[in-house]
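Accompanying notes for the structure given below.
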There are 2 protein chains.
Amino acid sequence: MVVVDTDVHNAMKTKYDILPYLPKAWHEEWLEMGMGIARQYYSVVGGARKDANPDTGGGPGTDPDFMIRHLIEPNGIDYAILTSGIEISLYPDPDYANALASAWNDWTVEHWLNRSPAFRGSIAINNTDPQAAAREIDRMGSHPGMAQVIMSSASRMLYGQRFYHPIYEAAERNGLPIAIHPGGEGRGIAPSPTNAGYPTRYFEWHNVLPVSYIGHLNSIICEGVFEKFPKLKFVAIEGGISWLPAMMWRMDKNYKALRSSVPWLKKHPSEYIAEHVFLTTQPIEEPKDHKHLLQVFDMIGAERCVMFSTDYPHWDYDNPMMALPPMPKELKRRIMGETAMELYGLPRPAETGGTAHG
Amino acid sequence: MVVVDTDVHNAMKTKYDILPYLPKAWHEEWLEMGMGIARQYYSVVGGARKDANPDTGGGPGTDPDFMIRHLIEPNGIDYAILTSGIEISLYPDPDYANALASAWNDWTVEHWLNRSPAFRGSIAINNTDPQAAAREIDRMGSHPGMAQVIMSSASRMLYGQRFYHPIYEAAERNGLPIAIHPGGEGRGIAPSPTNAGYPTRYFEWHNVLPVSYIGHLNSIICEGVFEKFPKLKFVAIEGGISWLPAMMWRMDKNYKALRSSVPWLKKHPSEYIAEHVFLTTQPIEEPKDHKHLLQVFDMIGAERCVMFSTDYPHWDYDNPMMALPPMPKELKRRIMGETAMELYGLPRPAETGGTAHG
């Protein structure tokens, strides 16, 4: 069975790693302001697995060789979709953020994609400057190791709005899905994590992250993004999956009465979702009764849209051997790797003579 | 079978109706600013059923006698829980809003509760001044026709936060559930309807309303409201029900790792939900396959927590005869009326010698 891990967080060992790729004008700002957008919620269990610190030094996710030994080989993972540089759009200065995105992508290619074909990258962009983001997608899109474009699910505006369409046009042109990933909610220039302000603690903040996905997916469907960009695919990483049925059904029910206000839509919202939307598993919901999750799989057609992920090296990592409940073999095969191979156009490992990283 | 309709919108015929109950100091503001918080989303099908205009004049929901003839009698409804004055907390001035809430409640008693015991009221409050809201709950709470306290799901702060606890203390003291109702999202002093700003159209705005419920319920659980007020019940009106399983499971999963940050919680979040949270049906999700909704009912224990509602006279009214899919008779009995009779302490109609409104 091919295993594709669709959410693996790589990182820089030190803040100096990006400097060779970043124009000198921005070095002082980067060194002074630090590596990433400041957090205000404290996780009592830390952000990463304690055993994910490489024996070669550096923090979790910073060493490609250690990641191969610690995550990829023991779990029989054929491909790891790397997800980093996600929150670049949350800086207030679009010029700085544009420069950071380019530097981040060059670093990803040199330190990760050149290390092993098992690593596949996500193109970091600054979506507060959609024209610049489109140019960055065009610059990196032809690299065979780049699997998708990535953005934070935290945003000042809903992602269906036409402001963002140049990004989708570029992604479609380059045959790349757009992925969103949570964690930036309430940070940098992102608004409060809920429509009623700030949750109090990390636990509460983490629980409520799916609302970003509900808002963005709704906006993308209603604004007709998939009519305008019919080949575009959208990946909802790390947002859970069980919120989707309620949303599909609510949109379809309202569509019956209100569709004259969205005349560009030619199908029920759930049909666009079935054709264009993918979700990754971690953190998969764990109802007491396994059958409830399988029922959710049935409601959303999981054999088409659900892709396995570990979220390595984060604290809430899902183990590939243990995370999912027993299910029909063909469904498991789709979720563990087949759907991701199709979506990302990954060569079957056997065809390359063994596992991709071997 | 007893039928309780847990979401029926009554309204004033004209803006002059409230004046006898409102201190004169506020008359000019009320008459100038209009009856209610301005809307910015336009529904292409209107806000109300076209056939709900009383033959006696006035708008939908304004005439108790017409409502009895149009909604209650033909559908065999024994009790209608009236929901109005919901958005009073969205005015910027707490003194004005406090005065309006009191006037609204006095008008409800005189024009609706005094008309028929089939009508049960919701106590309007201004929750931006929780001490005043608590006094209003104490003032109205002993009226036998008042069934609950009502607030908008649109709010500047999440409802678990301690700012609001005086309201919950008063509700518990008076044996009244707290209900929230959507529709104020983005209006008055409420923030944007999503955590990424404003949806574009009414269709999109209406689809995304459940995110308010997810945020507030999460906050109420995590902040320990139900440990502090163990008899308090919480009713989520008109938010749908199918979003609940995802939230329960996500909260329980995170609780395993992060509970040291919420040491006041003594149970899994889903256990608090099972003991304290109720949902009303309209707009009930309508999956293509009926069995999917019954599976959701099973996931959340619908026999305990789901209560029927029509949302009369609004455009998306659910017909009591047609709204729900076929289901076991006992489950239907619970949903159509038994659970609401228990929650609101309503006398069984037979005991009063026929239907309550007869």
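Nothing in this text is a laboratory measurement; each read-out follows from the coordinates by a stated rule. For clarity, every value in this text was computed on a predicted model and none was experimentally measured. Cβ coordinates were reconstructed from backbone atoms using ideal geometry, including for glycine residues, and neighbour counts include every protein chain displayed.
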With one decimal in nm and the nearest listed first, the spacings from B:Met35 to its own position in the other copies, using label points 7 Å along Cα-to-Cβ, are 6.2
Ordering B:250-256, A:308-314, A:161-167 by per-residue average of other C-beta atoms within 10 angstrom, highest first, gives A:308-314, B:250-256, A:161-167
Measuring from label point to label point, each 7 Å out along Cα→Cβ, what is the B:Leu31 to A:Asp106 span in nm? 7.1 nm
Averaged over peptide B:222-230, how many Cβ atoms belonging to another chain are found within 10 Å of each residue's Cβ? 1
Sequence-distant residues sharing a close amide H with A:Met151 (under 5 Å, placed H): A:Ala179, A:Ile180, A:His181
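What FRET efficiency comes out for A:Arg173 versus B:Asn319 if R0 is 41 angstrom and r is the Cβ-Cβ distance? Round to the nearest 0.05.
0.25
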Among B:Val306, B:His268, B:Pro287, which residue has its Cα positioned farthest towards the positive end of the charge dipole of the stretch B:230-346, with +1 placed on the Cβ of Lys and Arg, -1 on the Cβ of Asp and Glu, and the dipole taken about the Cα centre? B:His268
Between B:Asp7 and residues 5 or more places away or on another chain, which pairs have amide H atoms under 5 Å apart, with H built 1.01 Å from N, and which residues are they? B:Ile81, B:Thr310, B:Asp311
How far apart are the A:Ala257 label points across copies, placing each 7 Å from Cα toward Cβ, in nm, shortest first? 4.1
Proxy exposure order for B:Glu110, B:Glu87, B:Glu286, A:Glu204 (fewest C-beta within 10 Å first) is B:Glu110, B:Glu286, B:Glu87, A:Glu204
Work out how much length B:Arg348 to B:Lys24 would gain on full extension: take 0.36 nm times their residue separation and subtract the Cα-Cα distance, in nm to one decimal. 112.5 nm
Which order do A:Leu100, A:Leu279 fall in if you start with the one that has the fewest other Cβ atoms within 10 Å? A:Leu100, A:Leu279
Give the distance, in whole Å, between the Cα centre of the stretch A:65-85 and the Cα centre of the stretch A:221-252. 28 Å
For the stretch A:97-119 and the stretch B:134-207, what is the separation of their Cα centres, given in Å? 47 Å
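For A:Asp65 and B:Arg139, what does the FRET efficiency come to when R0 = 60 Å and r is the distance between their Cβ atoms, rounded to the nearest 0.05?
Given R0 = 60 Å and the Cβ-Cβ separation, E is 0.30.
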Place a point 7 Å from the Cα of A:Ala274 along the Cα-to-Cβ direction; which residues of the stretch A:300-326 have their backbone N under 14 Å from it? A:300-305
Across peptide A:151-159, what mean number of C-beta atoms from other chains lies inside 10 Å of a residue's C-beta? 3
Shape verdict for the protein assembly as shown, please, from the Cα gyration tensor: rounded (a/c under 1.5), prolate (a/b greater than b/c) or oblate. prolate
Across peptide A:262-268, how many C-beta atoms of other chains are within 10 Å of each residue C-beta, on average? 1
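Sort B:262-275, B:218-231 for me by packing, meaning the mean count of neighbouring Cβ atoms within 10 Å per residue, highest on top.
Highest mean packing first, the order is B:218-231, B:262-275.
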Inter-copy label distances at B:Asp65, 7 Å along the Cα→beta-carbon direction, one decimal in nm, shortest first? 9.0
In nm, the gap between the two label points placed 7 Å beyond Cα toward Cβ at A:Lys291 and B:Asp93 is 5.9 nm
